[in-house]
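One structure is given below, encoded as structure tokens.
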Amino acid sequence: MKKITSVLLCALLACVCLLVSCGAPAMKQEGVGFRNPKTGITYFPAPANYGAQKAEGAEAYARIARNGVDELLFYPVEGMNPDQYLVTANGTLLYAEGLKMPTLSELPVKEIGLYDTQVGSNSANITKADTITAIKEGWENNPACTYQELWLLQSFTSYDLRFFGSGAYSGLYFRLQYLLFEEDACVYVLIEDEASFEDLYPGIPYEFETFTGPDASGNEVTERYAVYNFGKELIFDSVTGKCRMVGASLASLVQ
């Protein structure tokens, strides 16, 4: 009798698990998008610098079946219509066909969260409107260099910057990185003819420096460079590879 009861219990639990899994419709992949067969809406993965907050206590709204691994579950975004946005438990975002993701300049930001990526903790929250505006405008207007162009001999610490939206985008956030260097981060530009030199990063301070040393063949050469000083605090977009000087100092919040 105990054996029969045990078998029935296992079968019942298996049915319950199957029902729970089937409760969220499986989306069908169509090209780079995923169509929800229940609503007919096709969703697309948002770029990596967008994320969202899962609605508290929400059950899975849709799922993606993946061969050989667990299903990927998607949930409603906090305060937003699931016909427009869905998110995984770890913040991966999908948006519905026909929508356009807001740029940082288009995103009304209520708060900026600063997170230590090494320990995964929240270091600070920035709520002052003028500071938020300065950081956004610095990112939009300051000259950009690529991460590869930086002369990276000094160490730095990286933090996540999350720009939390408000209003129509109350559940979304835009993610960049805040890089805090021990010494000034510089870009070296080789100058062939100083008389015809063109300023590549207007607004960024620079000075000319001369370097003498052996080239790849061992021959002594002298080269002239324009050395641009981007300072110790930069904001970095890992999607585009662009870096810009921060619009307002954040060093005091993490030191």
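Side notes on the structure shown:
- Taking the conditions (1) part of a strand (DSSP E or B); (2) touching a residue at least 24 places away in the same chain (Cβ under 8 Å); (3) open to solvent by 40 Å² or more (accessible area, probe 1.4 Å) in turn, Gln118 satisfies each one other than (1).
- Which numbered condition Trp151 misses (of (1) at pLDDT below 90; (2) surrounded by fewer than 13 Cβ atoms within 10 Å (Cβ to Cβ)): (2)
- Residue in the stretch 54-66 that is open to solvent by 70 Å² or more (accessible area, probe 1.4 Å), over 18 Å from Leu172 (Cα atoms) and of a type outside the set (A, V, I, L, M, F, W, C) present: yes
- For the stretch 22-53, a residue qualifies if it is free of Cβ contacts under 8 Å to residues at least 60 places away in the same chain, surrounded by fewer than 16 Cβ atoms within 10 Å (Cβ to Cβ) and assigned to a loop (DSSP other than H, G, I, E, B), and the qualifying residues are Pro25, Gly31, Val32, Pro37, Lys38, Thr39, Gly40.
- Hits in the stretch 220-233 - residues which are hydrophobic (A, V, I, L, M, F, W, C) and either touching a residue at least 40 places away in the same chain (Cβ under 8 Å) or surrounded by 14 or more Cβ atoms within 10 Å (Cβ to Cβ) (or both): Ala226, Val227, Phe230
- Check on Ala124, touching a strand residue (DSSP E or B) at 6+ places or on another chain (Cβ under 7 Å), hydrophobic (A, V, I, L, M, F, W, C) and not in a strand (DSSP E or B): no
- Number of the condition not met by Asn90 [criteria: (1) open to solvent by 40 Å² or more (accessible area, probe 1.4 Å); (2) of a type outside the set (Ser, Thr, Tyr); (3) not in a loop (DSSP other than H, G, I, E, B)]: (3)
- Just one of the numbered conditions (1) within 25 Å of Ile126 (Cα to Cα); (2) open to solvent by less than 30 Å² (accessible area, probe 1.4 Å); (3) at pLDDT 95 or above is not true of Gln177: (2).
To keep it simple, each residue is scored yes or no on (1) part of a strand (DSSP E or B); (2) open to solvent by 50 Å² or more (accessible area, probe 1.4 Å); (3) hydrophobic (A, V, I, L, M, F, W, C); (4) at negative phi.
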{"site": "Glu183", "(1), (2), (3), (4)": "no, yes, no, yes"}
{"site": "Val189", "(1), (2), (3), (4)": "yes, no, yes, yes"}
{"site": "Phe208", "(1), (2), (3), (4)": "yes, yes, yes, yes"}
{"site": "Gly218", "(1), (2), (3), (4)": "no, yes, no, no"}
{"site": "Ile235", "(1), (2), (3), (4)": "yes, no, yes, yes"}
{"site": "Ser249", "(1), (2), (3), (4)": "no, yes, no, yes"}
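- Taking the stretch 171-209 as the range and being under 17 Å from the mean Cα position of the chain (by Cα) and small (Gly, Ala, Ser) as the test, only Gly171 passes.
The values are calculated or read from the model by the stated rules, or taken from the named source; none is laboratory data. Keep in mind that what you see is a predicted model, and the values were worked out from it rather than measured. A quick note on method: Cβ atoms are made from the backbone with ideal geometry, for glycine too, and the neighbour counts reach across all protein chains shown. SASA here: full protein model, heavy atoms, side chains in, ligands and nucleic acids out. Shrake-Rupley method; radii C 1.70, N 1.55, O 1.52, S 1.80 Å.
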